[in-house]
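Visitor: Below are the structure tokens for one structure; questions will follow.
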Protein chains: 2
Amino acid sequence: MIAQHPERDQILLENVLSALGNPLRLQIVRVLAESGERSCGSILDGLSKSTLTHHWRVLRDSGVIWQRPAGRENLLSLRREDLDARFPGMLDVLLAAAARNDQGDSHIAAR
Amino acid sequence: MIAQHPERDQILLENVLSALGNPLRLQIVRVLAESGERSCGSILDGLSKSTLTHHWRVLRDSGVIWQRPAGRENLLSLRREDLDARFPGMLDVLLAAAARNDQGDSHIAAR
């Protein structure tokens, strides 16, 4: 496991919300919620490696995802168990809100 | 009402989460949730006017609060009805998460 994952009880709400307060990172979390563990390169197309690396780091450091090396890639997964334990019900409500956000706002859906 | 409040259907999840991804702004929202409309100056002590003005603007522009002038002050209130309509259940879950966040992390509670 790559360093700098906070322990469960070190996951802070403000860091999680700040990490999710970005359309790309919300999209990444939705993909991981639907599909389980994924390789870094298989989640979003058309973004530079440095941009993606930045977003993985924000999500990892805030405690939203696990990131672990596997060969030449990193595998990413949602820390659902930790987030559900720390803030019960929040992840599901936020995933539902993200789905509504898309429906209500065509410019997001078209990105 | 001061300009730059988004309409209900223009409230975007990423903006709301980004606005709430800050300990001071989370605290402001908790105070407004408990006490209803409050004057700007009555919510947090010990912060400069420019710091507070910045936080009011972030909360207002994201659609989290109403801000309206009243005499020499502004009055603030939570846009609970709009947030509940746009993202059902989210505000209550986030307020509960904020309460847990405080309990689980003494350095936040001591701020």
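Visitor: Where Rh denotes the Kirkwood radius from the mean inverse Cα pair distance, what is Rg over Rh for the protein assembly as shown?
Guide: My calculation of the ratio gives 0.99.
Visitor: Based solely on its DSSP helices, what 222 nm [θ] is calculated for chain A when runs of n ≥ 4 H residues each add -39,500 (n - 2.57) and the sum is averaged over all residues, nearest 500 deg cm²/dmol?
Guide: Result for chain A, helices only: -16000 deg cm²/dmol.
Visitor: One decimal, nm, shortest first: give the distances between the label point of A:R8 and those of the same position in the other copies, each label point 7 Å from Cα along Cα→Cβ.
Guide: Between copies, matching label points for A:R8 lie 3.9 nm apart.
Visitor: At B:E73, label 7 Å along Cα→Cβ: distances to the other copies, nm, ascending?
Guide: Spelled out, the distances from B:E73's label point are 5.7 nm.
Visitor: Mind listing the label-point distances from A:E34 to the same position on all other copies, shortest first, one decimal in nm, points 7 Å along Cα→Cβ?
Guide: 4.0
Visitor: Please compute the Cα-Cα pair-distance distribution of chain A with 10 Å bins starting at 0, giving whole percents from short to long.
Guide: Once binned at 10 Å, the Cα pair distances of chain A give 13, 49, 32, 6, 0.
Visitor: Would you kindly state how much longer the chain becomes between B:R57 and B:A85 on full extension, computed as 0.36 nm times their sequence separation minus their alpha carbon distance, in nm to one decimal?
Guide: Full extension of this stretch gives 7.9 nm more.
Visitor: Now for a different question. Any idea what the relative contact order of chain B is, in percent, if you count C-alpha pairs under 8 Å spaced at least 6 apart?
Guide: Result for chain B is 32 percent.
Visitor: Okay, next question. Where the eigenvalues come from the Cα gyration tensor of region A:57-101, what are the semi-axes √(5λ) of the equivalent ellipsoid, largest first, in whole Å?
Guide: 23, 13, 8
Laboratory data are not the source of any read-out in this text; all were calculated from the coordinates shown. Bear in mind that the values here come from a model prediction, so they are computed numbers and not experimental data. Using ideal geometry, Cβ is built from the backbone for each residue, glycine included, and neighbour counts are taken over all protein chains shown.
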